[in-house]
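Take a look at the structure below.
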2 protein chains.
Amino acid sequence: MLMGVAERKERHKEDLKREILDAAKSLFTEKGLEATSIRAIAEKIEYSPATIYLYYKDKNEIVHALHSEGFKLLVSYFNVLNHITHPFERLKGMGRAYIQFAVQNPDTYMLIFNMDEPLQHVANCFEEWNEGDRAFDILLKTVKDCQNHGYFSGFVPEQISFVIWSTMHGLCTLRTTGHLGHVAVARSGNQSLDALMASTFETFVTVLEKLKN
Amino acid sequence: MLMGVAERKERHKEDLKREILDAAKSLFTEKGLEATSIRAIAEKIEYSPATIYLYYKDKNEIVHALHSEGFKLLVSYFNVLNHITHPFERLKGMGRAYIQFAVQNPDTYMLIFNMDEPLQHVANCFEEWNEGDRAFDILLKTVKDCQNHGYFSGFVPEQISFVIWSTMHGLCTLRTTGHLGHVAVARSGNQSLDALMASTFETFVTVLEKLKN
DNA sequence: GAAAATTATGAACAGTGTTTAGTAAATCTT
DNA sequence: AAGATTTACTAAACACTGTTCATAATTTTC
């Protein structure tokens, strides 16, 4: 077999994997994870359902691939903050980026953080949530930088990091599930959900700022 | 038909609804929500699958019923705190109770707060999350009481409440999904997950206490 | 007892993820 | 170019799922 042919076929194989993933992602975000079938994905890319199993072992493996891509997307939201030198400003930027990611990609957010199906999958192959590990390391490092600038004095950086992560994750999850909207409707006037999230976040930032000196 | 007979049959009907619910709950917590079938529930109570549909319209209605019971259980965790007169102590107690509920009933916790299937169901019949509304009202009232004792001065009570809710919910969700455990393993020595949650919570309480006077 | 009303079910429908045996096509060898 | 071989694909089936409906069994009423 010629070398160029092998490459072309390999490329075609990668293309089809992409097509499957794109179709799956589109259907997942449209109809939800459980509600989209392999048959629907197959129909969208105009192949037989069985063909999909030549490129992905499982439906789980497809979900897993999307999970992986979602994480890379989240990291890309953080990467625009590298130029911010002041650590607390960078921390604030991370919070805003995290919220923005969750608001703009609610399905991906739930897929990454709150779906239990891929979790068992992730529990088996550890490599995956090392990405989550690295993300936490970035947060932890930023918190320590903040401490060098007088913030969070007297606190254990790991614990402050856990509190921050919890608050951001809770806020984003409550928004994505709709609970925040439900409870907020009557209580916070007629400001939009996004405005409510923003003001809640700003309040949290104010709380954190009180820990300075 | 005799009156006593009608009552007996009515009681039997209620009994069977309970049996179905208990079997469903047991299977859900054991195998997960999506992985337990109507047929499995039917087999567990030794009835035909079709019989279940005489007592519950849907699988969704069963989930919904469990959702409702889960909320009542959460409220029962809060009810033991009524005797605490100091509002901030009561607030701390609520946090601890919330954590305890999530740790002791992880499936119910995810069912109530982070499952998207019953959410659409809930979105249609509004009565349900009024329970969530009332829970938030209790939190809001407690926060206001705290403000009357010098806590959270200068803050909007609704926003402080949202921050508190987010933090607690985020912490419990991260724990239940396993993310907290995964990230914590390497980072926080060999203290148990429960200890880690407790210390994170205490750190959060310390942060809130800094907002006093 | 017979008639009426209730309660339970077997069988079927349309859907799911997944596997396998077999076909069609592209490639390599001669 | 022709035949052999590897590759790419698919139709059909399997064992499931939630759900419905005609039918059967049981219980209540008369």
Original post:
Tally time: how many residues in region A:21-42 are more than 12 Å from DNA strand C (Cβ to nearest atom) and farther than 16 Å from A:Tyr109 by Cα?
Top reply: 3
**OP:** Return yes when A:Asn190 is loosely packed, with under 15 Cβ neighbours inside 10 Å and either touching a Gly at 6+ places or on another chain (Cβ under 9 Å) or among the charged types (D, E, K, R) (or both) and no when it is not.
**Re:** no
Original post:
For region A:185-212, how many residues meet the condition of being facing chain B (nearest Cβ under 8 Å) and either of a type in the set (D, E, K, R) or closer than 15 Å to B:Asp133 by Cβ (or both)?
Top reply: 4
Original post:
So which residues in region B:193-202 are polar (S, T, N, Q) and open to solvent by less than 10 Å² (accessible area, probe 1.4 Å), if there are any at all?
Top reply: B:Thr200
Original post:
Restricting region B:151-183 to residues that are touching a Phe, Trp or Tyr at 6+ places or on another chain (Cβ under 8 Å) and open to solvent by 10 Å² or more (accessible area, probe 1.4 Å), which is farthest from the other protein chains (Cβ to nearest Cβ)?
Top reply: B:Tyr151
Subject >> Whichever residue in region B:46-63 is buried (at least 17 other Cβ atoms within 10 Å of the Cβ) and more than 6 Å from DNA strand D (Cβ to nearest atom) and, among such residues, is farthest from the other protein chains (Cβ to nearest Cβ) >> reply: B:Tyr47
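The values are calculated or read from the model by the stated rules, or taken from the named source; none is laboratory data. Note that this is a predicted model, so its numbers are computed, not measured. Neighbour counts are summed over all protein chains in view; Cβ atoms, including those assigned to glycine, are modelled from backbone coordinates with ideal geometry. Please note that ligands, DNA and RNA were not included when accessible areas were found on the heavy atoms of the full protein model with its side chains. Shrake-Rupley method; radii C 1.70, N 1.55, O 1.52, S 1.80 Å.
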